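Have a look at the structure below, then the notes.
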Amino acid sequence: MLNKSQIRYCLDVMAEMFPEAECELVHENPFELVIAVSLSAQCTDALVNKVTKDLFKKYKTPEDYLAVSLDELQQDIKSIGLYRNKAKNIRKLCETLIDEYGGEVPRDKDELERLAGVGRKTANVVASVAFKVPAIAVDTHVERVSKRLGICKWKDSVLEVEKTLMRKVPEEEWSDTHHRMIFFGRYHCKAKNPQCDICPLLEVCREGQKRMKRMA
């Protein structure tokens, strides 16, 4: 496991590598972001952005999603995985927003988690990106990077990874660290072909050192 100074080094290097890291889901308001993140489960941000380009022109408010049939909404998001289930959740989510929140997306993470299709990760993303609430959303990239580097243990659950990162990363850096870890995992420390040979963190990464020995 990395010590405090090694973790600081990792955070600083990732900040240098990806200083402009931010949410890549295209949206103009909290409502669009909730829809986009809901669609992104087990799907790439690039595909979601392709679908929401037309989706967000057609649907502007929660009422708009309820004004069409479920079948029509499913057809509009059909190229996205799990589209049937996601369409149902979007409609339920919109009903809750109208009935309980006056059509507005709540800022509170616990209230966000009450929305259909919105889990802890999605709630953290929306709270962080839309409302600037410090949060670390643990997706596959954040989990992989934090475990490979030894900031978290391999056996840690997603929730344990989140709590460990919240404990070891300064609160004012939570949101930036979340985005930088995603970029680091998406573009550098990839799942199948991590770029260990050119990684500036190789000296503190036991996983990377093991990989390099196997390749030697």
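Note on ASN49 and ARG167: with the Förster distance fixed at 41 Å, the Cβ-Cβ geometry gives a FRET efficiency of about 0.80. For the residue pairs LYS92/LYS155; LYS163/LYS210; LYS57/LYS155; LYS4/LYS92, the alpha carbons lie more than 32 Å apart in LYS92/LYS155; LYS57/LYS155; LYS4/LYS92.
Between ALA67 and GLU24, the modelled label-to-label distance comes to 3.3 nm, taking each label 7 Å out from Cα in the direction of the beta carbon. In this simple spin-label model, placing a label point 7 Å from the Cα along the Cα-to-Cβ direction at both LYS132 and TYR101 gives a separation of 1.9 nm. Per-atom-type breakdown for the stretch 18-127 gives carbon and sulfur 46% of the accessible area (1.4 Å probe, protein chains only). GNM on the chain, alpha-carbon springs under 10 angstrom: the most fluctuating residue among GLU160, GLU95, GLU203 is GLU203. As a rough guide to protection, the peptides 29-37, 43-51 ranked by mean Cβ packing within 10 Å, highest first, stand as 29-37, 43-51.
What does the C-alpha gyration tensor say about the overall shape of the stretch 106-216? Classify as rounded when a/c is under 1.5, otherwise prolate if a/b is larger than b/c, or oblate. Note, shape of the stretch 106-216 comes out prolate. When restricted to Cα atoms, the chain yields an Rg and a Dmax of 18.7, 61 Å, respectively.
A Förster radius of 41 Å combined with the Cβ-Cβ distance from ASP108 to LYS190 puts the calculated FRET efficiency at roughly 0.75. Expressed per residue, the C-alpha convex hull volume of the stretch 95-159 stands at 85 Å³.
Annotation for the stretch 124-209: trypsin sites (Lys or Arg not before Pro) lying in DSSP loop with at most 14 further Cβ atoms inside 10 Å of their Cβ are LYS132, LYS153, LYS155, LYS190, LYS192.
Give me the 1.4 Å probe accessible area per residue for the chain, excluding ligands and nucleic acids, in Å².
Working: 11450 Å² over 216 residues.
I get 53 Å² per residue for this part.
The values are calculated or read from the model by the stated rules, or taken from the named source; none is laboratory data. What you see is a predicted model, and the numbers here were worked out from it, not measured in a lab. Virtual Cβ from ideal backbone geometry, glycine too; neighbours counted across all protein chains shown. Surface accessibility is based on the protein's heavy atoms, side chains included, excluding ligands, DNA and RNA. Shrake-Rupley method; radii C 1.70, N 1.55, O 1.52, S 1.80 Å.
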